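J.: Here it is, the structure in full.
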Amino acid sequence: QVQLVESGGGLVQPGGSLTLSCAASGLSLSVDYYAIGWFRQAPGKEREGDSCIATKAGITHYADSMKGRFTISSNNAKNMVYLHMNSLKPEDTAVYYCASADSGYGCYKNKNNLEDYDYWGQGTQVTVSL
């Protein structure tokens, strides 16, 4: 079975940086055509996609609002995916989730749709505030 665990959230001041981690088990990112996506959900709002990586191919995709500020990376041998966030804004405050897609085709084709993902972590809170 696939399990995903996020970590690294916390309180950060506007303009600061955080790196989130997603530890995956029950899959092998180095040999299979998975995608790992990062999503976020603020109170009262729908969940939205931040970024994804088609891990074997090394293809990445970013939402327009995150381009130039967020970077997704992976260590496939260790089944780890990271989201590096800088220049954080109060509107980035949300619960951040990682998710896995059995097929990485969507991310490979420069998409990151909620319905493509099969397994989800329980989330980590990021709060950007003084």
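J.: Mind listing whichever residues of the range 3-29 are of a type in the set (A, V, I, L, M, F, W, C) and at pLDDT below 95?
T.: LEU27, LEU29
J.: Still on this structure: Evaluate the range 81-100: report whether one residue or more is farther than 28 Å from LEU11 by Cβ and either in contact (Cβ under 8 Å) with a residue 60 or more places away in the chain or over 12 Å from the mean Cα position of the chain (by Cα) (or both).
T.: No: zero hits.
J.: Select from the range 1-54 the residues that are among the basic types (Lys, Arg) and assigned to a strand (DSSP E or B) and list them in ascending order.
T.: Taking the range 1-54 as the starting set, the residues that turn out to be among the basic types (Lys, Arg) are 40, 45, 47.
Listed by number, the list holds a single entry, ARG40.
J.: Hey, another quick one. If a residue must be open to solvent by 70 Å² or more (accessible area, probe 1.4 Å), in a loop (DSSP other than H, G, I, E, B) and on the phi < 0 side of the Ramachandran plot, how many such residues does the range 55-74 contain?
T.: 2
J.: While we're on this one: Are any residues in the range 30-68 within 16 Å of the chain's Cα centre (by Cα), aliphatic (A, V, I, L, M) and at pLDDT below 90, and if so, which ones?
T.: Scanning the range 30-68 gives a single hit, MET66.
J.: Restricted to the range 75-89, and to residues that are aliphatic (A, V, I, L, M) and at pLDDT 95 or above, which residue is most open to solvent (accessible area, probe 1.4 Å)?
T.: Once the filter is applied, the top-ranked residue is MET80.
The values are calculated or read from the model by the stated rules, or taken from the named source; none is laboratory data. Computed from a predicted model, the values in this text were never measured in an experiment. Cβ atoms come from the backbone with ideal geometry, glycine included; neighbour counts cover every protein chain shown. Side chains included, ligands, DNA and RNA excluded: accessible areas come from the protein's heavy atoms. Shrake-Rupley method; radii C 1.70, N 1.55, O 1.52, S 1.80 Å.
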